[in-house]
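The structure under discussion appears below in the form of structure tokens.
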Amino acid sequence: MSDWSKPSIRALLKRSPGSVFPTGDNSTRPWLLRYRSSTVFITISVVTAVFVDIFLYAVIVPVFPFSLVDRVGISEDDVQWWMSILFSMEAIGLLTAAPIFGYLSDAVANRKRPIIGGMLMLSGATVMLCLAKGLPLLIVGRLLAGASAAVVWVVGLALLAETVEQKQIGQYMGYVGMANSVAALLAPLLGGIVYEKAGYYAVFGMGFGIIVIDLIFGFLLVEKKEARKWSRQQEPETETTPQTEKTSKSTSQQPTALTRTSTGTTHDTATRPGSEGSTPESTSAILNRNSKRSAAKRVPPFLILLRSRRMQAAFVANVMDAMVLTAFDVTLPLFVEDTFGWNALGSGLVFLALLSPSFIQPLYGMLIDRHGAKPAAVLGLLLCIPPFVCLKFITYSSLSQKILLCSLLFIIGLGAHLTLAATMTEFTNIASQKEERQPGSMGSGGAYAQSYSLFNMSWALGSLAGSYFAGGIRERGGWGTMGWAYAVLCAVVSIPTLLYCGGWIGDGGKRRQQRKLALDADSSTSASEASV
């Protein structure tokens with residue numbers, strides 16, 4: 001091997017910053033482009049961003065009941081109220097920022113920069129919460145954390161949806177859901193342990209550490225569409241042969257027609273004598289279709305999606321799912337402290353029962369890809385009803401009562417995470433199918449980000465409602481009344497979910513046939529590729 005072909009430290013040092021962190025000027029090929037733009041690396045980056053966001057949200061769940069009294073000076077009687085307020089502030093930030101960042105993300109070409117901006121916002125929010133010794137700074141920090149979560153979830157999920165194949169979207173959303181739940185599982189546990197052993201600031205030190213890891217992944221990430229630009233630039237010129245020369249000549253001699261697309265760009269389309277492209281009817285059809293696209297573009301994709309009953313059903317189901325999980329964030333630590341006398345460590349450990357079912361969310365996603373979102377979403381809601389009713393039986397401290405509580409929380413976790421996997425997949429499928437049926441109506445960038453902004457708005461509404469609903473009912477009516485109320489809500493929401501989620505219930509046979517044909521086509525394609 002010659003000296004020129006050997007990698008050297010000097011060569012690496014001569015690389016411009018753009019070789020590691022692409023700046024969009026296409027001056028230098030990014031370092032390790034193949035790996036940084038791979039589906040695996042992009043998935044890991046998005047999953048890491050989601051994990052960090054949820055970890056920093058949940059790490060203070062077992063800490064707040066004690067820090068609000070010790071650091072802020074709130075009386076113990078008012079802790080439940082202020083916990084509900086602080087958790088709702090993050091939901092308000094998410095609800096406000098999600099549609100804004102959804103629109104901006106679909107309007108701009110690059111999704112990497114908003115993700116990094118969201119990470120930096122999350123860092124600032126964490127600093128505020130770490131240093132706060134009064135309610136105003138805590139409230140501002142929670143609002144900023146909600147806004148940063150909107151960036152991570154809206155733009156990150158849109159990037160993932162653009163990266164993976166449509167037939168695998170449920171499986172990959174399962175990985176995101178698993179990261180969400182694993183973070184929510186580990187954060188209260190680690191937060192309680194670290195707070196008990198090392199104190200308040202050590203909890204946030206742990207948070208700053210994972211933020212650094214998140215930023216490294218964010219800076220290294222290269223979107224596939226950016227990587228394709230480099231691939232096109234560096235494609236070797238094909239050798240000219242008599243056959244290729246003949247083909248190019250015959251192609252160049254054919255008349256071309258300029259067709260303007262809905263995005264304003266023009267494409268040369270070769271027309272052949274006798275082809276449909278040369279007839280007046282096809283030209284008028286193209287003009288008519290483009291005029292319809294232009295009219296559709298005047299309607300925001302946000303509203304096009306929200307007018308769908310299928311989207312409305314997924315929206316409501318996701319609101320309910322967020323209400324279920326948020327209910328325990330604001331009530332469970334105080335309930336186990338009052339009933340069992342548990343400290344911050346015990347309050348964190350009890351979340352293991354609720355969130356451990358999240359480890360099988362990728363399996364949920366694969367089943368949803370095969371059988372559709374409707375059965376999973378409805379089954380998840382119905383599965384939550386019996387354990388919510390049975391929460392009223394936990395009234396005193398004993399080993400049997402503790403086992404019963406953990407068992408009920410585990411069943412609720414199974415149902416809630418099954419519904420979550422279904423709704424995440426459903427928001428993706430609705431956006432892609434709208435674009436397939438009405439090409440161009442979602443704009444040049446599609447509507448993945450705006451679809452996920454609706455997902456985050458529904459989650460924020462559920463978190464906001466859950467914080468006040470669960471906390472208020474427990475404070476006024478008790479733990480058992482809260483369980484009954486949630487059981488009724490799950491039953492009510494399961495009705496529109498059954499009717500419209502995944503499509504109108506009357507079209508179930510048609511959808512099953514379409515999925516079967518798609519699976520058969522994929523199987524035959526794989527078999528033919530293997531034989532070749």
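Some values worked out for this structure:
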quantity: Label-point separation in nm, Ser308 to Lys133, each point 7 Å along Cα→Cβ; calculated: 5.2
quantity: Restricting segment 362-461 to chymotrypsin sites (Phe, Trp or Tyr not before Pro) in coil, as DSSP defines it, with at most 16 other Cβ within 10 Å; calculated: Tyr396
quantity: Relative contact order computed over segment 60-182 (Cα-Cα under 8 Å; 6+ residues apart), in percent; calculated: 30
quantity: Pairwise label distance in nanometres, Arg29 with Ile193, each label 7 Å out on the Cα-Cβ vector; calculated: 4.5
quantity: Asp78-Val212 FRET efficiency (beta carbon distance; Förster radius 35 Å; 0.05 resolution); calculated: 0.45
quantity: Footprinting exposure proxy for Leu120, Leu189 (fewest neighbouring C-beta atoms within 10 Å first); calculated: Leu120, Leu189
quantity: For segment 101-144: rounded, prolate or oblate by the Cα gyration tensor [a/c cutoff 1.5]; calculated: oblate
quantity: Equivalent ellipsoid semi-axes - Cα gyration tensor, segment 22-99, angstrom; calculated: 42, 14, 11
quantity: Size descriptor, Kirkwood hydrodynamic radius, that averages inverse alpha-carbon separations across segment 390-434, Å; calculated: 12.8
quantity: Charge context of Asp70, other residues only, Cβ under 12 angstrom, K/R +1, D/E -1; calculated: +1
quantity: Leading residue at positive end of dipole, segment 92-170 (Cβ point charges), from Trp153, Ala125, Leu137; calculated: Leu137
quantity: Where the Cα pairs of segment 361-479 fall when distances are cut into 10 Å bins, in %; calculated: 12, 30, 31, 17, 7, 2, 0
quantity: FRET efficiency, Tyr396 to Gln433 (Cβ-Cβ, R0 56 Å, nearest 0.05); calculated: 0.60
quantity: Ascending count of other beta-carbon atoms within 10 Å, so fewest first, for Thr419, Thr425; calculated: Thr425, Thr419
quantity: Across Lys374/Lys402; Lys112/Lys374; Lys167/Lys229, pairs whose alpha-carbon gap is larger than 29 Å; calculated: Lys374/Lys402; Lys112/Lys374
quantity: Footprinting exposure proxy for Ser494, Ser75 (fewest neighbouring C-beta atoms within 10 Å first); calculated: Ser75, Ser494
quantity: Rounded if a/c under 1.5, otherwise prolate or oblate - segment 365-404, Cα gyration tensor axes; calculated: prolate
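Computed from the coordinates by the stated procedures, all read-outs in this text should not be read as laboratory data. Everything numeric in this text was worked out from a predicted model, so none of it was measured. Reconstructed Cβ throughout: ideal geometry from the backbone, glycine too, with neighbour counts over all protein chains shown.
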